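A quick write-up on the structure given underneath.
Where a number appears in this text, it was derived from the coordinates with a stated rule and is not lab data. Computed from a predicted structure; not experimentally measured. So basically every Cβ, Gly included, is an ideal-geometry build from the backbone, and we count neighbours across all protein chains shown.
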Amino acid sequence: MSAAKQTATPKPAFDFDMFKAFNQFKAPGFDMDAIMATQRKNMEAMTAAGQSAYEGMTALARRQAEVAKEAGEAATKAMTDMAAASPEERVAKQADLTKTAYTSMFDNGREMMDMAAKTADEAVSLVNARFTASIDETKSVLAAK
């Protein structure tokens, strides 16, 4: 095999630019560049929404791990405290532990739900804003015709 053939990089199987391809089909009175710009913005908004969702869910997973670690540490401390207590003190400590765990479970659950709702709201807001702008842009392009 020659040196030229060894260093040549193969062309990707999907070396295709959709926007360039559509740009070839220009119709009189139809602004294909404006339509393609709108579609580009739509794709960028979807990418931004996906990134926002990813970051929010990553933060949620990180917080869930922190909560699990805190719960494990609290349980370990409680067991150590109860082991050193008298039988009467254990009953009181167990009641306090149950109350604390119950309250913590609901507080942490509410925090997780709020984080998930905020993440969804941010992603949907990005898509919604772009959808509205896209309709306005399309109306403008069609009205200019």
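Projecting label points 7 angstrom from Cα along Cα→Cβ for E70 and D136 puts them 4.2 nm apart. Across the range 107-119, computed HN-Hα scalar couplings (Karplus, 6.51 cos²θ - 1.76 cosθ + 1.60, θ = phi - 60°) run 5, 5, x, 4, 4, 5, 5, 5, 5, 5, 5, 5, 4 Hz from first to last residue, x flagging Gly and Pro. With the simple model of a label 7 Å out from the Cα in the direction of the Cβ, M43 to A95 spans 6.6 nm.
Per-peptide packing, taken as the mean over residues of other Cβ atoms within 10 Å, places 79-92, 117-130 in the sequence 117-130, 79-92 from highest down.
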